[in-house]
Structures are given as structure tokens and as C-alpha cells.
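Peer 1: One structure coming up, written as C-alpha cells, with questions to follow.
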């Protein structure tokens with residue numbers, strides 16, 4: 001890519017992007033990381049051959065892209081430390097809830113792209129939605145896409161407000177899948193399987209169903225109908241879930257996540 005990238009925060013999502021960049025041939029010598037936790041700095045050095053720093057400094061002046069992989073509640077403080085060292089970089093945020101208006105105010109820049117990734121990015125199987133402010137050029141978008149695509153698929157949005165929906169759907173989504181795997185495993189054990197067998201079956205079922213959906217042009221309700229013969233075992237299960245209002249309850253849970261994403265921006269995005 002021929003440019004220098006700095007990461008503010010060196011946690012899981014930063015590690016996913018760094019790992020993807022290195023697999024694509026990006027040089028570790030062109031990556032800076034600001035990470036206050038000594039244990040995390042040691043891990044980054046061991047895993048990727050980086051030399052992370054405990055705090056922002058003059059070295060950030062050389063960054064062409066700054067990736068904000070910090071928690072929402074620490075973003076403002078981190079921005080104050082970094083803005084003194086670099087006013088020209090393209091900024092890419094993976095922080096939930098924090099709006100580009102807040103980020104622009106804190107950094108004094110309009111070159112801001114906000115994203116919402118998810119944890120399968122750690123193995124290159126993630127999906128990330130991106131939104132760029134009007135100050136972001138097409139070249140900026142292309143570069144950001146190239147960086148994020150090292151962790152999986154990308155989707156560009158036309159309205160920033162859509163990112164809260166993405167947060168609720170795919171950003172938090174892996175936790176929902178693990179939740180259902182947990183429930184299926186527990187039920188399998190209660191029905192006579194051992195825990196290893198039940199978990200293996202649950203995980204393989206989620207993976208297989210996901211791959212089948214991705215390979216098919218049919219809607220999910222059509223795919224479901226194909227394995228739901230009236231009077232059969234699947235029909236009994238789906239009927240029980242419908243009678244319990246599972247679909248409405250699940251939608252309610254997603255709306256709770258959507259609401260919380262907006263709250264994070266309001267709570268921690270104040271100028």
C-alpha cells in the first residue's frame with residue numbers, strides 16, 4: 001500500500017486488521033501502535049513484530065492513516081493526545097456509537113470514515129460496514145476498503161445513522177450466534193448427547209446453514225420452508241418457537257442493541 005498506518009488502541013479489532021495487513025504483504029515497519037497496556041504491547045510485539053508505544057508522540061506525524069480502535073468512553077481523551085501530532089491523516093474509526101461529527105470536532109479534520117466490524121474479522125471472516133464524511137475522497141474510500149477488506153467483506157452505507165442498525169445486526173451478531181449455540185448445546189446434553197458432541201453438532205449446523213444461505217439466491221424463509229415439512233420434527237420446533245413469539249423477542253433484542261448504540265454516541269460523543 002506504500003503508506004504508513006498508526007493504530008490508536010491495540011486490542012482484538014486492531015490485531016485483526018494488523019494481521020490482515022501483514023498477510024497481504026504490508027510491512028510491520030510501517031505500522032505504529034499506541035497501546036497503554038503493557039501486556040497488550042508485549043502481545044503485539046510477539047505476534048506481529050511491532051514496536052508499540054504506551055502513549056501518543058511525534059512519531060504519529062508520519063501516519064497517512066490513523067485507525068481508531070479504542071473504546072467509546074476513551075475516544076475523546078485519546079483524540080486530544082493524538083490531534084497535536086497529526087492534522088493531515090485519513091481517520092478510520094471502529095468505535096461503536098461515536099459519530100463522525102464528534103470525531104471531526106475532536107480531531108479538527110473532515111477526512112473521517114466510521115466503520116462497524118465484527119469479531120469474525122479475527123479469522124478473516126468478518127463483515128464491516130463503512131460510512132465516509134463528505135470530506136472523504138473516493139481515493140480515501142478505496143484505500144480504507146483495501147485495509148478493511150483484509151478482515152473480510154465490506155458494505156458501504158449512504159447514511160451514518162444506518163451504522164447503529166449495523167451495530168445491532170452484525171456488530172453484536174456473533175454474540176447472538178454463540179448464544180443460540182449455547183442453548184442448542186445445553187438442549188442436546190439434556191436429550192442424551194455429551195457436551196462435546198452437542199457443541200460439535202451445533203457449531204457445524206450454524207456454519208453449514210450460513211454457507212448454504214450464502215450460496216443460495218433464495219430468501220431465508222424459502223430455505224427454512226424446504227426443511228419444514230408439515231407434521232415433521234422441524235415443523236414441531238418452528239411451531240413451538242412461533243407460539244412463544246421467539247421472532248418478536250429476538251427483534252426486540254436487536255432494537256435494544258440499536259438503542260444502546262445511539263446512547264453510546266450521546267453519552268461519550270460530547271464535544
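Peer 1: How high is the FRET efficiency between residue 259 and residue 123 when r is their beta carbon distance and R₀ equals 35 Å, given to the nearest 0.05?
Peer 2: Efficiency for this residue pair is about 0.75.
Peer 1: Against the longest principal axis of the chain, how steep is helix 233-244, in degrees 0 to 90 to the nearest 10, with axes from Cα atoms?
Peer 2: 70 degrees
Peer 1: I need the P(r) histogram for segment 173-261: all alpha carbon pairs, bin width 5 Å from 0 out to the longest distance, whole percents.
Peer 2: Binned Cα distances yield the sequence 2, 12, 15, 22, 25, 16, 6, 1, 0.
Peer 1: For 60, 157, what's the fewest-to-most ordering of other Cβ within 10 Å of each Cβ?
Peer 2: So the residues, fewest neighbours to most, are 157, 60.
Peer 1: Right, something else. Taking a quarter of the surface of the Cα convex hull of the chain, what do you get in nm²?
Peer 2: With the hull built on Cα positions only, its mean projection is 16.6 nm².
Peer 1: Top mean-square fluctuation among 253, 213, 95, Gaussian network model of the chain, C-alpha springs under 10 Å?
Peer 2: Between 253, 213, 95, it is 213 that shows the largest mean-square fluctuation.
Peer 1: Once fully extended, how much extra length lies between residue 77 and residue 153, figured as 0.36 nm per residue of separation less the alpha-carbon to alpha-carbon distance?
Peer 2: 24.3 nm
Peer 1: Which of these, 136, 67, 166, has the largest mean-square fluctuation under a Gaussian network model of the chain (Cα springs below 10 Å)?
Peer 2: Taking springs between Cα atoms under 10 Å, the residue moving most is 136.
Peer 1: Once you have a ≥ b ≥ c as the square roots of the Cα gyration tensor eigenvalues for segment 123-271, tell me rounded if a/c is under 1.5, and otherwise prolate or oblate according to whether a/b is larger than b/c.
Peer 2: Prolate shape, in that a/c is at least 1.5 and a/b is the bigger ratio.
Peer 1: Considering only 105, 74, 205, give the residue with the highest GNM mean-square fluctuation for the chain, with springs between Cα atoms whenever their separation is below 10 Å.
Peer 2: 205
Peer 1: Pop a pseudo-label 7 angstrom from the Cα along the beta-carbon direction at both residue 225 and residue 191 and give the gap in nm to one decimal.
Peer 2: Distance between the two pseudo-spin positions: 2.5 nm.
Peer 1: Can you sort 246, 17, 5 by how many other beta carbons sit within 10 Å, fewest first?
Peer 2: Fewest-to-most Cβ neighbours within 10 Å comes out as 246, 5, 17.
Peer 1: Next question. Rounded, prolate or oblate for segment 1-142? Axes are the square roots of the Cα gyration tensor eigenvalues, ordered a ≥ b ≥ c, and the cut-off for rounded is a/c under 1.5.
Peer 2: rounded
Peer 1: If you line up the long axis of helix 12-23 against the longest principal axis of the chain, both from Cα atoms, how many degrees apart are they, to the nearest 10?
Peer 2: 80 degrees
Peer 1: Something else now. Starting from the Cα-Cα distance between residue 218 and residue 249, subtract it from 0.36 nm times their residue separation and give me the gain in nm to one decimal.
Peer 2: My answer for the length gained is 8.7 nm.
Where a number appears in this text, it was derived from the coordinates with a stated rule and is not lab data. Everything numeric in this text was worked out from a predicted model, so none of it was measured. Positions of Cβ are generated from backbone atoms using ideal geometry, with glycine treated the same way; all protein chains shown enter the neighbour counts.
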